[in-house]
Amino acid sequence: MLRYTVRRLAYSLPVLVIASFILFWAVRATFDPLAKLRQSTDPGAVRRQTELLGLDRSAPEQYLLWMKAFVTGDWGTSTRTSGAVMPMIGSALEVTLQLMFWGVLFASVIALGIGIYSAARQYSAGDYVLTGLSYVGIAMPAFWLGLVLIQLLAVWPRQQFGLSEPPLYFVGLHSVGESGINLDYFRHLALPVVTLTIGLVASWSRFTRTSMLEALAGDYVRTARAKGVPRRRILFRHALRNALAPFVTVVALDSAALVGGLVVTEQIYAIPGMGRLFLSSILAGDVFVLIPWMLVVAVAVIVFNLLADVAYALLDPRVALR
Amino acid sequence: MIHERSDRIPSRAGKLRTPVGSALAALAVLVATGCTSGAPALAPGTAIRDVPVKQGGSLVIGAEQEPDCADWISSCAGSIWGTYLMQAQTIPQVFTVAPQGKDWVPVASDLMASTPTTAMVDGRQTITYRLNPAAVWSDGQPITSADLKYTALQIRDGKDIFTQTGYDLIDSISTPDARTAVLTLKSPYANWRQLFGAEYGVLPAHLLEGKDRNALMKNGYTFSGGPWRIASWVRGTSVTLVPNERYWGRKPHLDKVTFQFTTDTAAEFQAFASGQLDALYPTPQLDVLAQINSLGGSADMQVETRTGNLQALWMNNSAFPFDSVAVRQALAHSIDRGAIVRKLFGSLGVTAPAQSFLSPLVSAFAAEDFAVYQRDLAKVQQIMTAAGWAKNGDGIWSKDGRAAQFTIVSLAGNQSRELTEQILQSQLRQAGFKMTIKNTSAANLFGKVAPAGDFQLGLWTLTDTFPEPTLDATFGSTAIPSDANGNSGINFIRAQVPGLDSVLGRVGTEVDETSRLQASRQAERLIADTVPSLPLGAVPNILLTGKKVGGPIGINPVQGPFWNLAEWGLAK
């Protein structure tokens, strides 16, 4: 397992290098790193920065310079905030990972529950209801869902019941002056996590249902039934274990996409995570944040892919990691 | 006067919306209107609303934008929200702007012992500042003439300065005593009140001199010479202010004010409706106006129409077809500016188009010369025909084989601009002009397109940042971006109106107010005659406050809605 992991990581390096060069080139071709300076009253500012950043060199040379600095921890300085990029991305990543953790945790549990129920009671009224709801969940865009949840679970209860404050908050992850994991944190976290969870559950539950149905149609399940194995045991010991492997793969791949994909959710709930950082950086044309940001997301995709492979092997002994 | 090239300007009039913002807004209106009815206590064009307050407590105010940095004389000064949240609360200024009758006028702040005076000495303009002996920084050190000197020289001689206008004229600054500073200018500067009073204030020399000012200030600073000091700035989340205990003037009623960054407009309104935010200062976009109506009676609204924001159509005088005076005049007669203005901001009290390139903030210097340009298609026909144009088979004016078709550029995603463009497109088509729309990002428009003159027609906002006329920055031929001015000029339209430079020069240097006013009116006439561009209308500002907020509440067109935050409090 360890050898496999190390080998996979080693294989990932060329992918990362190629991806980083493409990202570097694409971002540099799209944005002008000196756009802000071109409005400066200092006529020498553009020239000095051009020399400092090596912008007068060829694209491969610029890339090598940047990559050399990147791997040594010098991720550059944001043209938007004048702050160091590494702590900016680190802080945003920490926030996004919190959101992801809770969202993926709840979504996995709920999606598995719904998927198992729907598969076990295929074509029942409950299955139809849950199937219908999952389609509704898939169809609801996060920006719409988020606002509806805010209205229904925060604004409306406060107005309806004359509360001094809403039962759930939706600006940031803490109230002013609060920090850490406490009730205030969870009151802030609830709505963004619900927004995220509903979208994930909708698609993951469909996937679980399909995987479970495939597993339940397997010969080994028929054999188990013929042998009189209890239904519950068939479901959870035989079918679920086989259905889990593809489910875990989907969860891992979707999680990778969430690292940089929570733009809308973070924007609505004013959460300073990776998505919001991306948005503010792209609006400001902040290339020195955008390039490492994309690279971090690319790394996340590779890491989550690796986790998916490892998890798959752990769940399915037929898969050998070589 | 500046174009909305940085967020200092677009934040009020043309801020680039987030991609999701517009879509969210429509939904929010639908959702919110289902639960509330009526409209806020609306007071368009109101003066200050005064509500008695009690001592203590805290407020949380929504901030649509987070400043990138807090070094207020570098490019950070371009952040209007930075000014509202931190600069105006912590950095003392020589002149402030206060309401006087129907106008906002510059008045000496409580930093000064007396109103600064100017005089011509040996043919040179001098300005004398006398500081209030009670004025101290938050560390107890007195605010002295050395601070004025340090600040002035930093701006005059420094690199990466937001604007050096006025400060570049400083010849010397003497400090006869700790409370007196005398500034001598190389040439007369009529807008001398802007010094230490518009974009900039006064910085503490004893803390910054000889050090890297930008490094010390960019992430926030602990010193203050205003009623508040910065308690914390959590990037991406909030800025918290607490009272500066050593402030010599009127001390804040509140114990704490937090500005929460809520960049999504729809969510911001819901946070306000749910009581998480106590006040909002939204950009007056179309979606915002709809959302305001959904708030019901739970909010009070102040609308300030006497702003420094003026939306205009910018014609590139060096590009076809606007290199022709006749075409520019014809275009001015093709547009019903009043209809556009009423459509955009009629509900907020802006019902008449601007007839001058001086915004309402500078109305004392403005004339009404553009009033001659009313929509009159017969007049268009007459002007174009006289200039040798004839309509082609498509009904478009054409001359020498070239049709009068052009492209307009503005900010992508800005709903009010897009609506304006659509109205213009329709009106111009009826007049025989074909206009296509090609919008772009703020960074591209003001960083590349406009400075390079790579446009035909533009739609954006011009902002006056102080009640003084500065048309020379926009229409003076020396302000055309060129190597000579380091490409920093903002005469993006390449206007070269005969005789205008000298008149604008008089506006900028004439210290006598009567002569200056005459020169300003003359400049306006010259501009209107050749129509280098066309003013559309003022962009109002809106402030929403919850019922728990008290104090004298009103929008200062220069210093923003929180200019008197020290006087705010919890309503009694």
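The values are calculated or read from the model by the stated rules, or taken from the named source; none is laboratory data. Quick caveat: nothing in here was measured; it's all calculated off a predicted structure. Cβ coordinates were reconstructed from backbone atoms using ideal geometry, including for glycine residues, and neighbour counts include every protein chain displayed. Only protein heavy atoms, including side chains, enter the accessible area calculation; ligands, DNA and RNA are left aside. Shrake-Rupley method; radii C 1.70, N 1.55, O 1.52, S 1.80 Å.
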>> Take the residues in the range A:82-107 that are free of Cβ contacts under 8 Å to residues at least 60 places away in the same chain and within 14 Å of chain B (Cβ to nearest Cβ); name whichever of them is least open to solvent (accessible area, probe 1.4 Å).
In response: A:G83
> Are any of the residues in the range B:197-220 more than 11 Å from chain A (Cβ to nearest Cβ), among the acidic types (D, E) and over 20 Å from B:L153 (Cα atoms)?
Replying inline: no
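So which of B:D394, B:D454, B:D376 is over 27 Å from B:E524 (Cα atoms) and open to solvent by 60 Å² or more (accessible area, probe 1.4 Å)?
Answer to the check: B:D394.
Return the only residue of B:Q65, B:Q93 being open to solvent by 10 Å² or more (accessible area, probe 1.4 Å), closer than 24 Å to B:D160 by Cα and within 14 Å of chain A (Cβ to nearest Cβ).
After ruling out the rest, the residue left standing is B:Q65.
State all residues of the range B:547-568 that are assigned to a strand (DSSP E or B) and open to solvent by 10 Å² or more (accessible area, probe 1.4 Å); if no residue qualifies, say none.
Listed by number, the list holds a single entry, B:P552.
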> Within the range A:66-81, restricting attention to residues that are touching a helix residue (DSSP H, G or I) at 6+ places or on another chain (Cβ under 6 Å) and small (G, A, S), which residue is farthest from the other protein chains (Cβ to nearest Cβ)?
Replying inline: A:G76
> Mind checking which residues of the range A:140-183 are within 10 Å of chain B (Cβ to nearest Cβ), farther than 21 Å from A:E266 by Cβ and open to solvent by 40 Å² or more (accessible area, probe 1.4 Å)?
Replying inline: A:W156, A:R158, A:Q159, A:Q160, A:L163, A:S164, A:E165, A:P167, A:G177
>> If the requirement is being crowded, with 23+ Cβ neighbours inside 10 Å, out of contact with any strand residue (DSSP E or B) (no Cβ under 7 Å at 6 or more places or on another chain) and not in a loop (DSSP other than H, G, I, E, B), which of these qualifies: B:Q291, B:Q311?
In response: B:Q291
>> Please pick out the residue among A:G132, A:G137, A:G199 that is in a helix (DSSP H, G or I), small (G, A, S), more than 12 Å from chain B (Cβ to nearest Cβ) and over 24 Å from A:R276 (Cα atoms).
In response: A:G132
> In the set B:F357, B:F365, B:F320, which member is open to solvent by 10 Å² or more (accessible area, probe 1.4 Å), among the aromatic types (F, W, Y) and under 22 Å from B:T465 (Cβ atoms)?
Replying inline: B:F365
> With respect to B:T436, is the statement that it is in a strand (DSSP E or B) and open to solvent by 40 Å² or more (accessible area, probe 1.4 Å) true?
Replying inline: yes
>> Testing B:S482 on (1) of a type outside the set (V, I, T); (2) out of contact with any strand residue (DSSP E or B) (no Cβ under 9 Å at 6 or more places or on another chain); (3) part of a loop (DSSP other than H, G, I, E, B); (4) closer than 30 Å to B:A98 by Cα, one condition comes back false. Which one is that?
In response: (4)
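Residue-wise test of (1) crowded, with 22+ Cβ neighbours inside 10 Å; (2) away from chain A (no Cβ under 14 Å); (3) part of a helix (DSSP H, G or I); (4) modelled with pLDDT of 85 or more.
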site	(1), (2), (3), (4)
B:T420	yes, yes, yes, yes
B:L424	yes, yes, yes, yes
B:R429	no, yes, yes, yes
B:F446	yes, no, yes, no
B:L462	yes, yes, no, yes
> Just checking, which of B:G56, B:G140, B:G82, B:G38 is surrounded by 19 or more Cβ atoms within 10 Å (Cβ to Cβ) and either part of a loop (DSSP other than H, G, I, E, B) or modelled with pLDDT of 85 or more (or both)?
Replying inline: B:G82
> Does the range B:486-494 contain at least one residue that is among the aliphatic types (A, V, I, L, M), out of contact with any helix residue (DSSP H, G or I) (no Cβ under 6 Å at 6 or more places or on another chain) and surrounded by 16 or more Cβ atoms within 10 Å (Cβ to Cβ)?
Replying inline: yes
> How about the range A:167-196: which of its residues are assigned to a loop (DSSP other than H, G, I, E, B) and in contact (Cβ under 8 Å) with a residue 24 or more places away in the chain?
Replying inline: A:F170, A:V171, A:G172, A:L173
>> Let me confirm something: among B:L526, B:L504, B:L517, which residue is buried (at least 23 other Cβ atoms within 10 Å of the Cβ) and closer than 26 Å to B:R337 by Cβ?
In response: B:L504
> more than 10 Å from chain A (Cβ to nearest Cβ) and not in a helix (DSSP H, G or I), is that true of B:T283?
Replying inline: yes
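If I go through the range B:106-120 residue by residue, how many of them are assigned to a strand (DSSP E or B) and open to solvent by 30 Å² or more (accessible area, probe 1.4 Å)?
7
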>> Given the condition open to solvent by 20 Å² or more (accessible area, probe 1.4 Å) and in a helix (DSSP H, G or I), answer yes or no: does some residue in the range B:403-415 qualify?
In response: yes
>> Return the residues of the range B:177-220 that are modelled with pLDDT under 95, open to solvent by 50 Å² or more (accessible area, probe 1.4 Å) and outside any loop (DSSP other than H, G, I, E, B); say none if nothing qualifies.
In response: B:R193, B:A215, B:L216
>> Being away from chain A (no Cβ under 11 Å), of a type outside the set (K, R), surrounded by fewer than 23 Cβ atoms within 10 Å (Cβ to Cβ) and part of a loop (DSSP other than H, G, I, E, B): is that true of B:F223 here?
In response: yes
> Any idea which residue in the range B:251-277 is surrounded by the most Cβ atoms within 10 Å (Cβ to Cβ), counting only those that are within 19 Å of A:L173 (Cβ to Cβ) and among the acidic types (D, E)?
Replying inline: B:E268
> So which residues in the range B:282-300 are within 25 Å of B:G413 (Cβ to Cβ) and not β-branched (V, I, T)?
Replying inline: B:P282, B:P284, B:Q285, B:L286, B:D287, B:L289, B:A290, B:Q291, B:N293, B:S294, B:L295
